[in-house]
Amino acid sequence: MTDMPPKPNFLSVDHISWTVPDLESAVEFYRDVIGAEELFRMGPLDAAEMPLDDDGRDWMATHVNVPGARLTLVMMKLTDNMNFQLVQYDKPDDIRQDLPRNCDRGGHHLGLKVDDVEKAIAYLEAHGCKAMEIIHIDAGPLAGKKNVYMTDPFGHSLEIVD
């Protein structure tokens with residue numbers, strides 16, 4: 001039987017990260033429409049311009065598991081307790097553009113709490129988002145609440161909750 005290493009203290013969420021097809025448009029949307037604040041930018045970081053590790057792998061293969069990658073990232077403060085990183089990859093050449101559905105492995109959404117779901121729908125739709133139907137919760141621990149799933153202008157899933 002092997003001794004397990006001690007459990008670290010998981011203190012908080014540092015950030016979430018989404019890969020986007022057009023970094024500047026995504027930064028503009030999340031800054032100007034949602035109200036995120038840009039904290040810093042890095043890149044472009046190109047594996048072709050970085051040293052190989054001791055095993056001959058490029059930096060991107062070693063650190064982000066994407067050999068030959070070239071990326072640029074922007075870290076944004078989304079709320080007081082959540083940073084939101086947006087990343088654009090320019091390489092490798094075989095980048096997939098399809099997003100997983102909520103039911104697919106790796107499916108995801110960003111849940112944003114608002115004071116008025118209907119007001120948020122009108123505002124976000126005016127800025128290129130698409131809303132599904134509002135979910136009215138009548139029973140259970142969230143009785144009286146409502147939420148709606150939307151897609152942002154880049155196809156990512158948002159859930160707007162009150």
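The values are calculated or read from the model by the stated rules, or taken from the named source; none is laboratory data. Computed from a prediction, not measured in an experiment: that's the story for all the values here. Cβ coordinates were reconstructed from backbone atoms using ideal geometry, including for glycine residues, and neighbour counts include every protein chain displayed. When the accessible area is computed, the model is the full protein with side chains, heavy atoms only, and any ligands, DNA or RNA have been set aside. Shrake-Rupley method; radii C 1.70, N 1.55, O 1.52, S 1.80 Å.
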**Q.** Members of segment 27-47 found to be free of Cβ contacts under 8 Å to residues at least 40 places away in the same chain and among the aliphatic types (A, V, I, L, M), listed by number
**A.** 42, 45
Q: Return the total of residues in segment 107-162 being among the aromatic types (Phe, Trp, Tyr) and either under 17 Å from the mean Cα position of the chain (by Cα) or surrounded by fewer than 13 Cβ atoms within 10 Å (Cβ to Cβ) (or both).
A: 2
Q: Among the residues of segment 46-77, write down those that are more than 13 Å from the chain's Cα centre (by Cα) and either crowded, with 18+ Cβ neighbours inside 10 Å or under 17 Å from residue 156 (Cα atoms) (or both).
A: 47, 58, 59, 60, 69, 70, 71
Q: State which residue pairs qualify: first residue in contact (Cβ under 8 Å) with a residue 60 or more places away in the chain and open to solvent by less than 80 Å² (accessible area, probe 1.4 Å) and inside segment 1-20, second residue in a loop (DSSP other than H, G, I, E, B) and among the hydrophobic types (A, V, I, L, M, F, W, C) in any location, beta carbons under 6 Å apart, and separation of 6 or more residues or different chains.
A: 20/154
Q) Scanning segment 35-45 for residues that are among the hydrophobic types (A, V, I, L, M, F, W, C) and open to solvent by 70 Å² or more (accessible area, probe 1.4 Å), which turns out farthest from residue 81 (Cα to Cα)? A) 42
